[in-house]
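Written below as structure tokens is the structure these notes are about.
The values are calculated or read from the model by the stated rules, or taken from the named source; none is laboratory data. Predicted model, so just to flag it, every value in this text is computed and none were measured. Here the Cβ positions follow ideal geometry from the backbone for every residue, glycine too, while neighbour counts run over all protein chains shown. What goes into the accessible areas is simple: the full protein's heavy atoms, side chains included, and nothing from ligands, DNA or RNA. Shrake-Rupley method; radii C 1.70, N 1.55, O 1.52, S 1.80 Å.
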Amino acid sequence: MTTFFRSRLGLKLFLSYLAVIVVCLGILAFSVNLAAPRAFARHLANMATMPGMGGMMQQGRGAGGMMAGFYANFRLAIGEALAWAAGAAALAAALASLLIARQVILPVQALKTASQRIADGRYHERVSLPKFQSPDELDELGQLALSFNMMASRLEQAETLRRQLIGDVAHELRTPLTVIRGSMEGLMDGVLPANQETYQQVFREAVRLNRLVDDLQELSRVEAGAYELKLQPVSVEGLIQATVASLGRQYEEKGVALSVSAAPGLPPVMADELRIGQVLTNLLINALQYTPEGGRVEVRAVEAQGMVRISVADTGVGIPAEHLPHIFDRFYRVDKSRSRASGGSGVGLTIARHLVEAHGGTIWAESAGANAGSTFSFTLPRATTRSG
Ligand code: ADP
């Protein structure tokens, strides 16, 4: 009951019916007041014209007939009043139902039509909301329309992403497949020599396809949240040392110096060691890939605002400012041909962002521009809170 009165729609209905009742009662009272005296006046006038009426009344003769006249007149008056009231009430009810139809039925019909259109695949469909009203001021139907529009825009977003993904994947598959097909055609036509180099070219593209499929599988897993984070206190220094050790050889082979600078007394972080190891490995492999021989890469770790920040700073090719906002987007590459040629599928950073955000942290990239090196940083929550 209380929810009925708290709800704006309930209040609107109540007020509309109340209005009908008030109008009816008002008109009824007005008409009765108007009609009854007229009836009495008519009756008295009749009485006055009757010869010897006063005497008859005094003697009690003809009292029955007089009462019957009274009664008939009274009924007539009530009938008149009710007829007026019924007419007015019908008019008020018609007006009220018109108003309700406008306020309730029209939005419901609009919602029905829009949902049918969305079901037909027209995801841009929206219902109109009352103007000049903040979301808090909307009644239940307004709120429903607002939620409906939100749902529709999410569906549209998901649909756009799905189309984009299909387009991106088709585009990514096309390059290695074209190379494999071209090489095979060349081999069959005898244009390309059947030697080690040709076979290796085909093999490299097959490996690239393989990596792309693996990366896509991993991306869809993290995007759908279809993995479990085994969160536990993890030593940041231990994690960095283990990752750096696993990549040491690759760095040595390319001639890029790799160092670690961790602030003393870092608290452990709450993380899934394997997943965060995956993020750090990805950043270190990228840093190595985009840093020419003779360059330096440093892994830094500091505590900041209840979080631990881990950064990978390199002296490599850098990232021009216009590319920085897109660097974590799926399949985004700054230098498309070079990145693709080096085997990068362009989803490593997208996966890293999902994993860091799943830990409650953030990841970002900084660079002073082309050839000025880049720094990739991410934060993780500390595992323990220190007192004082
Ligand atoms: P990829 O597999 O292509 O490396 P990522 O998602 O890991 O995909 O990286 C996306 C793009 O970001 C890369 O193609 C590259 O252009 C740029 N990038 C990543 N790390 C660095 C870095 N350390 N220095 C310069 N550019 C980088």
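Residues that are more than 25 Å from D215 (Cα to Cα) and open to solvent by less than 60 Å² (accessible area, probe 1.4 Å) number at least 2 in the following strands (runs of 3 or more DSSP E) confined to region 228-317: 257-262, 296-304, 307-314.
Under the condition of being surrounded by fewer than 11 Cβ atoms within 10 Å (Cβ to Cβ), among the aliphatic types (A, V, I, L, M) and under 19 Å from F331 (Cα atoms), the residues counted in region 166-193 number 2. The condition of being over 36 Å from the mean Cα position of the chain (by Cα), among the small types (G, A, S) and near the ligand (Cβ under 10 Å from one of its atoms) holds for G316. Could you look through region 319-344, keep only residues that are more than 10 Å from the ligand (Cβ to nearest atom) and either modelled with pLDDT of 85 or more or under 22 Å from V244 (Cα atoms) (or both), and pick out the one that is most open to solvent (accessible area, probe 1.4 Å)? Restricting to residues being more than 10 Å from the ligand (Cβ to nearest atom) and either modelled with pLDDT of 85 or more or under 22 Å from V244 (Cα atoms) (or both), the top hit is E322.
Close contacts from region 189-218, counting a first residue that is on the phi < 0 side of the Ramachandran plot and free of Cβ contacts under 8 Å to residues at least 60 places away in the same chain and a second that is assigned to a loop (DSSP other than H, G, I, E, B) and open to solvent by less than 70 Å² (accessible area, probe 1.4 Å), with Cβ to Cβ under 6 Å and a gap of 6+ residues or different chains, come to T198/L192. Of all residues in region 108-134, those that are open to solvent by less than 70 Å² (accessible area, probe 1.4 Å) have Cβ atoms under 8 Å from Cβ atoms of residues that are part of a loop (DSSP other than H, G, I, E, B) and not hydrophobic (A, V, I, L, M, F, W, C), 6 or more apart or on another chain, in A110/S128; A114/E125; A114/R126; I118/E125.
Within region 325-336, residues that are assigned to a loop (DSSP other than H, G, I, E, B) sit with their Cβ atoms under 7 Å from residues that are more than 8 Å from the ligand (Cβ to nearest atom) and of a type in the set (D, E, K, R), at 6+ positions apart or across chains, in these pairs: F328/R353; R330/D168; F331/D168; F331/E172. Of the residues making up region 68-90, just one is of a type in the set (F, W, Y), at pLDDT below 75 and within 16 Å of L34 (Cβ to Cβ), namely F74.
Summed over region 370-386, residues that are in a strand (DSSP E or B) and open to solvent by less than 30 Å² (accessible area, probe 1.4 Å) total 6. Scanning region 349-369 for residues that are within 27 Å of G294 (Cα to Cα), open to solvent by 70 Å² or more (accessible area, probe 1.4 Å) and not in a strand (DSSP E or B) returns a single hit, A368. Scanning region 194-220 for residues that are open to solvent by 80 Å² or more (accessible area, probe 1.4 Å) and within 16 Å of the ligand (Cβ to nearest atom), we see that the one that is farthest from N282 (Cα to Cα) is R204.
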